[in-house]
Amino acid sequence: MQEIFIFLLSLVLKFLVLPALGFCLLHCLINIYLFRRLRKIESVGEFLNLSVLVPARNEEKRIRACLASLMAQELPVREIILLDDRSSDRTAAIARELGFSEENERLRLIHGQELPPGWVGKNWACHQLSLAAHPESTHLLFTDADTEHGPACIKTALAYAVAERCDLLSLWPDQITGTWAEKLVIPLGYLLFMGFQQFPLLRWLQANPARVKCWNFSPKHLATLGAANGQFLLFLRMTYDRIGGHEKLKNHLVEDVAFGRRIAAGTGEGMRLINADGMELLRCRMYSNAAEVWEGFSKNLRPVFEDSFLSFVLFGVVIGGLFLSPFFFLLLSLFFKNLFAPALTAVVLITLIRLILTLRFRTSWIGFFLHPAGIALAMLIGMNSWRLCLGKGVVWKGRIYSLSS
């Protein structure tokens, strides 16, 4: 019986895990090639006709650097609006020290209204910001309070968005990590994004939207091709209004992915979603310690699959099966020699994928060398996210959100 079990495990390794990892490696290489790194441009006109919108709730540790970097852009933007989302710390006071006020038309401070039922806090804040934006701004940039923008960031992004006719341009910053939990978990975002996101297919369809109808792609299928990073969302305002803005996604906890899906779903109508590498233009430190990593990703991992529990479970099985189980099989091969060759090959493929991503995105070497620990921690966070959603709900920024969010 034991021999049959080991034989079946070897078949799983050879005919499921190894081909899937090979495909993942190829997919990473193609996506990295397509994932353009934006670099500073020298000129783009004299005035950037966009509104920069920053929601902030209890961000006194980060808000000064964020706002200062936005104020220091090489070309002035029409306005920078900070919404203080009922903070209990010095967020608003720091903004005032930098020159933000309710009366200043270019550096405006507004105060968030009480969260209505059915809304997620960030979406409500961003909705209020969109209403406050100047009506003549052609583009809206939503950016998080934990980002720092290089002097050429916004002009470069806007020039690229206009040239590529983007309805939504999402930049991925240089992710700064400090603590061990950050170094283990945050780089895994690139593994999932580069390994599974279908850039090639989306780009092929966007090049000729008529292909959507020709190949019978439904909006639901198109939506699965979309994703975005909420740290930097640059919308063509007309499109933002057309899809209903944040109000349409008021109960989505992972609104950036939801926006990416909505734009991708409109590919047949000519909508264009582009994700680009912004590492040379901006940086971000998402969390500061292990507790924040645990809480922050617990907020996202189950809700990102929305109402599809099956997708959540299947994705967990795929991640564990592909990126963690080969290490277990390699240990098991100490006792069962016929597992050694396929298990070692799988581990080599995983190591190659992580090496390429670590070099390309300059992520932590701790995450690279302790890859199994990072995957295990991420899966524990996923289970915690599921547990919280089934119970009282996830907690973020002092607010509780149920599975319906």
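The values are calculated or read from the model by the stated rules, or taken from the named source; none is laboratory data. Keep in mind that this is a model prediction, so the values were computed, not measured. Note: ideal-geometry Cβ built from the backbone for every residue, glycine included; neighbour counts use all protein chains shown.
In the range 135-146, the residue that is farthest from R237 (Cα to Cα) out of those that are out of contact with any Leu (no Cβ under 9 Å at 6 or more places or on another chain) and either surrounded by 21 or more Cβ atoms within 10 Å (Cβ to Cβ) or touching a residue at least 24 places away in the same chain (Cβ under 8 Å) (or both) is D146.
Applying the set (1) more than 24 Å from I176 (Cβ to Cβ); (2) in contact (Cβ under 8 Å) with a residue 24 or more places away in the chain; (3) not aliphatic (A, V, I, L, M) to S298 leaves exactly one unmet item: (1). Within the range 318-346, the only residue that satisfies the criterion of being crowded, with 17+ Cβ neighbours inside 10 Å, out of contact with any Leu (no Cβ under 7 Å at 6 or more places or on another chain) and among the polar types (S, T, N, Q) is S325. Do we find that N251 is over 28 Å from A65 (Cα atoms) and assigned by TED's automatic domain parsing to the domain that holds E136 in this structure? Judged against the criteria, N251 is a match.
Inspection of the range 298-308 finds no residue satisfying the criterion of being surrounded by fewer than 18 Cβ atoms within 10 Å (Cβ to Cβ), among the aliphatic types (A, V, I, L, M) and either under 23 Å from A145 (Cβ atoms) or not assigned by TED's automatic domain parsing to the domain that holds N58 (or both).
For E292, the criteria (1) under 27 Å from W119 (Cα atoms); (2) crowded, with 20+ Cβ neighbours inside 10 Å hold in every case but one, which is (2).
When the criteria are applied in full, A264 meets the requirement of being among the small types (G, A, S) and more than 18 Å from S130 (Cα to Cα).
Please verify whether the range 108-120 includes one or more residues that are closer than 12 Å to V52 by Cβ, of a type outside the set (V, I, T) and either at pLDDT 95 or above or surrounded by 15 or more Cβ atoms within 10 Å (Cβ to Cβ) (or both). Within the range 108-120, one or more residues are closer than 12 Å to V52 by Cβ, of a type outside the set (V, I, T) and either at pLDDT 95 or above or surrounded by 15 or more Cβ atoms within 10 Å (Cβ to Cβ) (or both).
Of the helices (runs of 4 or more DSSP H) lying entirely inside the range 208-267, those carrying at least 3 residues that are buried (at least 22 other Cβ atoms within 10 Å of the Cβ) are 255-265.
Residue-by-condition table, conditions (1) modelled with pLDDT of 90 or more; (2) at negative phi; (3) among the basic types (K, R):
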site	(1), (2), (3)
I6	no, yes, no
L9	no, yes, no
R37	yes, yes, yes
G45	no, no, no
V52	yes, yes, no
P55	yes, yes, no
E59	yes, yes, no
I63	yes, yes, no
C66	yes, yes, no
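State yes or no: is L67 of a type outside the set (S, T, Y), without any contact (Cβ under 8 Å) to a residue 60 or more places away in the chain, closer than 25 Å to A228 by Cα and surrounded by 14 or more Cβ atoms within 10 Å (Cβ to Cβ)? Considered against the rule, which asks whether it is of a type outside the set (S, T, Y), without any contact (Cβ under 8 Å) to a residue 60 or more places away in the chain, closer than 25 Å to A228 by Cα and surrounded by 14 or more Cβ atoms within 10 Å (Cβ to Cβ), L67 comes out as yes. When the range 344-381 is filtered for residues that are closer than 25 Å to G22 by Cβ, touching a helix residue (DSSP H, G or I) at 6+ places or on another chain (Cβ under 8 Å) and among the small types (G, A, S), the ones remaining, listed by number, are A346, G367, A373, G374, A378. Residues that are touching a residue at least 40 places away in the same chain (Cβ under 8 Å) and among the basic types (K, R) within the range 253-281 comprise just one, R272.
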